[in-house]
Structures are given as C-alpha cells and as structure tokens.
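The values are calculated or read from the model by the stated rules, or taken from the named source; none is laboratory data. On a predicted model such as this, the values are computed, not experimentally measured, just so you know. Glycine gets a Cβ as well: all are built from the backbone with ideal geometry, and neighbour counts include every protein chain shown. Note: accessible area is taken over every heavy atom of the protein model, side chains too, but ligands, DNA and RNA are not part of it. Shrake-Rupley method; radii C 1.70, N 1.55, O 1.52, S 1.80 Å.
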Amino acid sequence: IQGGTKNERIMFYTALFHAFFHPTIESDVDGRYTGFDKEVHQADGWTYYTDFSMWDTYRCTHSLYTLLIPDRHGDMLRSLLAMYEQGGSLPRWAVATGYGGSMLGTSADPILAEAFLKGIKGPDWDEAYEAVVSDATEPQEHGGRHGVERYLELGYVPADEVGHSAARTLEFGVGDAAIAKWAEAIGKTEDAQAFSARSKGYKHLWDPQTKFLRGKNADGSWPDGDGEFNPLDWNAEYYVEGTAWQYLWLVPQDVSGLADLFGSKDETADKLEEFFSTLEPDDPLKEFLPNVYYWQGNEPDIHAAYLFDELGRPNRTQYWVRNVLSREYKAGADGLPGNDDLGTMSAWYVWSAAGLYPSAGQTSYWLGSPLFEHVVFHLQSGADLEIKAKGASESKLYVRQVTLDGNNLSSFIIEHSDIAGGATLKFTMDDEPAL
C-alpha cells in the first residue's frame, strides 16, 4: 500500500494479520485430525481446519479468503464437509472437534454457495449442494435452522413459536438467496425458484405503519401490539444482538425489494441516512453499552453503508464508510470497535480501506472510497488486483469516476469475475460529492 497516514498503514496491515488468525489448522503434520465423530481421520493432500464462527465470518471474512487464498479456502470448505460427513450436519459454529451451536441461521450455506459461484476448487460440490439444501429445509440434530418447518409453511419464522424470529427469518433469507444462485448456475431450476421465493420472506415482516421489519405471530398479528413496539430495544426477543433499526438493513440480497416496501429508493435512502446520522440516546453508561443505531461493533448491520450504492446515493456510501474507518478503528490497544469475531471486524477494515466490499453469498462487490492512493493485492494466480486512488486523503474522500481496466464504470457495483484474474481499478477522487 501507498498513501494514507502512518497509523492507517499500521491499521491496514494489522487488520490483514488479524483476519488470518482463524480458522485453526487442526490436522497434524502427518494429516491426522480428530473429526466431529471423535474418531481419528486422515487429510491426504489437504489441510483440515476448525473454529468457524460463521454467523460473523460469512459476511466478509470468507470473501477475503476466496479472493486472496482460494486454495486454502478450498481446504476450509472441505473441512466443513468433513464435519457434515462425520457429525451428521453442517456446523453453525464449529469449535475444535465439535458443534458449538452458538448464534442462529445456517451461515455455512452462503459461504459454500459464494465459494462455488466464485470458482473455488477442492470440495465435492455435489455433496456440498446436498448439504446446504438439507441444512436449509430439514431439521438437523446439530446446527440447522430452528423453526425451519414453520418457515417453509409460512414464509417466515413465527414469533409466538420460536425465539429471535425476525433475526432468523432475515438470516435464512440471505442463505436462501445464495442457494438460489447456486441452483440456477447448475441448472436446478425448480430449486432456484423455490429458494429465490423464500429469500423474500422478509416481506412478511414488514410493518407499513412503523416501517420496520418486526417479529410476527403465526396468525399474522404483531406480538407486541401496535403501541408497544420500540425499534431501539436492544433486548427485543425478535432479534439477536441488535435492534429493529439494525436488522432493518439485513436484506443485502434484495435491496430493490426493500426499497419497494418503503415506496421508493429515495425514501429508503433517507431512512438509511437517519440510521447513520442519529446520535445515540443520552445515557451516562452509553460508552459501555451497545449502540442502538448504526453499530460497527457487531455484525448484522456492518454492510449497511454500502446499500447507498444501490439506492442511488453512492456519495453517502463513500462518506459513511470513511466516517466509520476513521471513527471506529485506532492503532492502539482499543483499536477495534468490538470483538474481532475471528477476523470479521478486521476483514471489514481491509475491504473498506481498499475501496470495495463483498455482498455475502453473492458474486458482486460494492465500491466505496479507497483510503490509500495505491493498493496492490498479489493474487494466488500470480496476477495483481491493483487499486489506484490518486489524492485519496481525509478531505478527498468522494469518488468522481471509476474505471476498470481503463473502461468507465456506469455503477458502483462490480462482479468477482471482473477482478479475480487480476485487474486495475482506478478511482478519481474529489473533496466534493459527485452530483
């Protein structure tokens, strides 16, 4: 990297270092490892990994592995399938030699789907597809989707039957959208249609009165009534580690569909701007409490600033990403906005400082505002992904134009295939937002 301040360079390389702490190599030098069946197995010609906190890492960490270390990532995915074979289910949260079971959703599904769609080699992809379909449609002894039967019947997880119902519905939708893309790519048309339809289940939770995604009972009623809903309640039982404000944006797979619920992209962008710009409520303990509006310290909303790219206001993506980079990350002992969550906070920094960010479970990237004048990622193939942003600085944070290999881009979204074989992204920076 070139450019930026000394502390920004320190933070970038530290973040890159942290992003590779996990997952853990579990196989010994001779390839033997203890599987989820507690038997000793042999990894011949590949490396077995464990410790996957996938509720965190599916959002941007595995995308970094896919781009920078595809062969090693292939081994990580083979490890997930070994857990499926030996333990009976894909893990939700793999810890050492067994199922941790923490958090919710089936985050292995978007990880595997995204890796397949981006061309990762190594896993038995037929078996992997079988595993994620089972994960997404059938009750599992370990992991799986709690409430999956009702989710398939109703299109959402009912709040009066299953805890954290809104969070589950939204996480399931991200996974279903990824599986739908995978099914389409391999010619499984019926599966693609079914999973695509399920990925829009968040619409069942839309409340046009409050304009939030809320927990909903099986009979269609709101469990907390019309006058008791508090979108700032961090302990609301319908979400997990987050508020209604933070979970409102957990629809990265269908931003246009969310905008349709609001009525327009402009109205959605206004609401998103309110989310970022509203000050936290006064509280003498607020520095020790989780945020109730945008919170970089936890995962459900860390992609939210990039949604402005799809809502017609890329300059607000640029502004807020830079704001978070400078406000939430430091070079000292308190340098992370929260638990690094096996590299997730650090991977977010690497992506955002470089000027792009992955859409989890998909093949696309949103473009942001490069922090450095020059970043070069040396890819495994021997090619380079080069990102140039001459003049990028604290004041020059807005993007006037972007070219990809010399060709002007008409949007702030690119595909993995555009950069996977090496490419040059050139950002023209300015101190004023483009009109």
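Going through region 156-199 one residue at a time, which ones are assigned to a loop (DSSP other than H, G, I, E, B) and surrounded by fewer than 18 Cβ atoms within 10 Å (Cβ to Cβ)? Matches in region 156-199: 160, 161, 163, 186, 187, 188.
Residue count for region 77-132, restricted to those that are farther than 14 Å from residue 144 by Cβ, part of a loop (DSSP other than H, G, I, E, B) and not charged (D, E, K, R): 6. Among residues of region 259-273 that are of a type in the set (Asp, Glu), those with a Cβ under 7 angstrom from a residue that is surrounded by 14 or more Cβ atoms within 10 Å (Cβ to Cβ) and part of a helix (DSSP H, G or I), sequence gap 6+ or separate chain, pair up as 273/316. In the set 57, 47, only one residue is under 25 Å from residue 360 (Cβ atoms) and more than 24 Å from the chain's Cα centre (by Cα); that residue is 47.
Flag: residue 209 matches the condition of being out of contact with any helix residue (DSSP H, G or I) (no Cβ under 6 Å at 6 or more places or on another chain) and outside any helix (DSSP H, G or I).
Counting only residues that are surrounded by 19 or more Cβ atoms within 10 Å (Cβ to Cβ) and either part of a helix (DSSP H, G or I) or among the acidic types (Asp, Glu) (or both), region 143-153 holds 2 of them.
Candidates are the residues of region 126-142 that are under 12 Å from residue 182 (Cβ atoms) and in contact (Cβ under 8 Å) with a residue 40 or more places away in the chain; the one that is surrounded by the fewest Cβ atoms within 10 Å (Cβ to Cβ) is 133. Of the candidates 224, 260, the single residue that is assigned to a loop (DSSP other than H, G, I, E, B) and among the acidic types (Asp, Glu) is 224. Scoring residue 42 on the criteria (1) open to solvent by 10 Å² or more (accessible area, probe 1.4 Å); (2) out of contact with any Leu (no Cβ under 6 Å at 6 or more places or on another chain); (3) under 28 Å from residue 335 (Cα atoms) leaves a single failure, condition (3). Among the strands (runs of 3 or more DSSP E) confined to region 317-435, the ones with at least 2 residues that are touching a residue at least 12 places away in the same chain (Cβ under 8 Å) and either open to solvent by 20 Å² or more (accessible area, probe 1.4 Å) or farther than 20 Å from residue 276 by Cα (or both) are located at 364-367, 374-378, 384-388, 398-404, 413-415, 423-430.
Out of curiosity, is residue 72 more than 19 Å from residue 181 (Cβ to Cβ), basic (Lys, Arg), open to solvent by less than 40 Å² (accessible area, probe 1.4 Å) and in contact with a helix residue (DSSP H, G or I) (Cβ under 8 Å, 6 or more places away or on another chain)?
Values: more than 19 Å from residue 181 (Cβ to Cβ): yes; basic (Lys, Arg): yes; open to solvent by less than 40 Å² (accessible area, probe 1.4 Å): no; in contact with a helix residue (DSSP H, G or I) (Cβ under 8 Å, 6 or more places away or on another chain): yes.
So residue 72 does not fit the description; no.
Between 34, 47, 24, 14, the distinction of being within 30 Å of residue 373 (Cβ to Cβ) and among the hydroxyl-bearing types (Ser, Thr, Tyr) belongs to 14 only. Hey, could you check region 97-125 for residues that are among the aromatic types (Phe, Trp, Tyr) and surrounded by 20 or more Cβ atoms within 10 Å (Cβ to Cβ) and say which is nearest to residue 68 (Cα to Cα)? Among residues in region 97-125 that are among the aromatic types (Phe, Trp, Tyr) and surrounded by 20 or more Cβ atoms within 10 Å (Cβ to Cβ), the one nearest to residue 68 (Cα to Cα) is 116.
In region 12-37, of all residues being in contact (Cβ under 8 Å) with a residue 60 or more places away in the chain and part of a loop (DSSP other than H, G, I, E, B), the one that is surrounded by the fewest Cβ atoms within 10 Å (Cβ to Cβ) corresponds to 21. Here 178, 185 are screened, and the one residue that is closer than 18 Å to residue 56 by Cα and among the hydrophobic types (A, V, I, L, M, F, W, C) is 178. Screening the candidates 218, 236, 305 for the property of being in contact with a Pro (Cβ under 9 Å, 6 or more places away or on another chain) and either of a type outside the set (Phe, Trp, Tyr) or crowded, with 17+ Cβ neighbours inside 10 Å (or both) yields one hit, 218.
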